[in-house]
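Okay, structure first, notes after.
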Amino acid sequence: MNFYRTLVYLFLIALITGCATSKSFSKKGAKLEEAGLMEEASQLYLVSLQKNRSNVDAKIGLKSTGQIVLSRYLSEFSQQKVFGNKREAINSWAKAMNYKDKVASLGVQLNVPSVYATDYEEIKNAHLDELYEQGLTHLDAQNYTEAEKCFLEIKQLDKHYEDAHELADIAFVEPIYLEALSAMNNGKYRSAYKKFNSALSRIDNYKDSRDKKLESLQLGQFTLPCFLLRTLQEQEVWTSQYRLIALKH
């Protein structure tokens, strides 16, 4: 219900933003704050400050309501951490930090107790370790799509974690490389050339891709004249047979 109520308030804000003043938004925010609707009030204070960053009443209102909203986000983070829901806890933390940054961009600083940051680092590192092991397992099992997902998620959380960046590239390139080899073995040299080229665009000189790419190009150039020659021969046979039938008639 709270989610839908917030949507309604945001919709109303969108309708009247064009003509309402910073002061009017601040007053409406104060009324909602008095009614205990802190999240909705904070949204109005935000709009008020977007219209006029010097509105002192809006800053004071956003400072008080914003801190309450942030505390709720942090409480959600702590709850997910206690339940062992690492990914959900990390998402809750991201939501809290995004809100804090949004408020800070309007000149209002909110407080995050250091214990939360410590808890976040702890659960983030545990999640990174799990993701890395899962990624390696998927990679060994040739589940390349799932492996890439794991390593990409690691990169989003910590781009310097172990060799996740390189492993994400390998998980992406290896299936393309295998498809290129298969296409080459089946005489589909043009397809093989494109796939080897795609692999090289992600990892330069991946395995023997550069040599295979050149080989597929050469074989493709050799195969084309042979195909044309065979086609011409078939046409000549058909023409001869047609002439023979015409003479008989």
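Structural remarks
- Conditions (1) without any contact (Cβ under 8 Å) to a residue 40 or more places away in the chain; (2) under 30 Å from Arg53 (Cβ atoms): number failed by Val103: (1)
- Taking the criterion of being assigned to a helix (DSSP H, G or I) and either in contact with a strand residue (DSSP E or B) (Cβ under 8 Å, 6 or more places away or on another chain) or surrounded by fewer than 20 Cβ atoms within 10 Å (Cβ to Cβ) (or both), the residues of the range 74-94 that qualify are Ser75, Glu76, Ser78, Gln79, Gln80, Val82, Lys86, Arg87, Glu88, Asn91, Ala94.
- Selection status of Ala126, crowded, with 18+ Cβ neighbours inside 10 Å and in a helix (DSSP H, G or I): no
- Qualifying residue in the range 166-175 (condition: out of contact with any helix residue (DSSP H, G or I) (no Cβ under 8 Å at 6 or more places or on another chain), assigned to a helix (DSSP H, G or I), surrounded by 13 or more Cβ atoms within 10 Å (Cβ to Cβ) and on the phi < 0 side of the Ramachandran plot): no
- Only one of Tyr116, Tyr132 that is modelled with pLDDT of 95 or more and over 18 Å from the mean Cα position of the chain (by Cα): Tyr116
- One residue from Thr118, Thr65 being over 30 Å from Lys23 (Cβ atoms) and among the polar types (S, T, N, Q): Thr118
- Qualifying residue in the range 114-121 (condition: farther than 23 Å from Ser198 by Cβ, touching a residue at least 12 places away in the same chain (Cβ under 8 Å), assigned to a loop (DSSP other than H, G, I, E, B) and not charged (D, E, K, R)): no
- Test result for Asn205, surrounded by fewer than 15 Cβ atoms within 10 Å (Cβ to Cβ) and either over 24 Å from the mean Cα position of the chain (by Cα) or in a loop (DSSP other than H, G, I, E, B) (or both): yes
- Top-ranked residue of the range 10-30 - restricted to ones that are over 15 Å from Leu62 (Cβ atoms) and part of a helix (DSSP H, G or I), ranked as modelled with the highest pLDDT: Ser24
- Residues that are free of Cβ contacts under 8 Å to residues at least 60 places away in the same chain, farther than 23 Å from Ala89 by Cβ and surrounded by 19 or more Cβ atoms within 10 Å (Cβ to Cβ) do occur in the range 142-156, at least one of them.
- Of the residues in the range 187-203, at least one is touching a Gly at 6+ places or on another chain (Cβ under 6 Å) and free of Cβ contacts under 8 Å to residues at least 60 places away in the same chain.
- Any hit, the range 98-121, residues being farther than 30 Å from Ala58 by Cα, of a type in the set (A, V, I, L, M) and surrounded by 15 or more Cβ atoms within 10 Å (Cβ to Cβ): no
- Residues (charged (D, E, K, R), surrounded by fewer than 21 Cβ atoms within 10 Å (Cβ to Cβ) and assigned to a helix (DSSP H, G or I)) located in the range 176-202: Glu179, Arg190, Lys194, Arg202
- Of all residues in the range 178-190, those satisfying the criterion of being small (Gly, Ala, Ser) and at pLDDT 95 or above are Ala180, Ser182, Ala183.
- Complete set of residues in the range 46-62 that are surrounded by 17 or more Cβ atoms within 10 Å (Cβ to Cβ) and in contact (Cβ under 8 Å) with a residue 40 or more places away in the chain: Leu46, Leu49, Lys59, Leu62
The values are calculated or read from the model by the stated rules, or taken from the named source; none is laboratory data. Quick caveat: nothing in here was measured; it's all calculated off a predicted structure. Note that each Cβ is placed from the backbone with ideal geometry, even for glycine, and that neighbours are counted across all protein chains shown.
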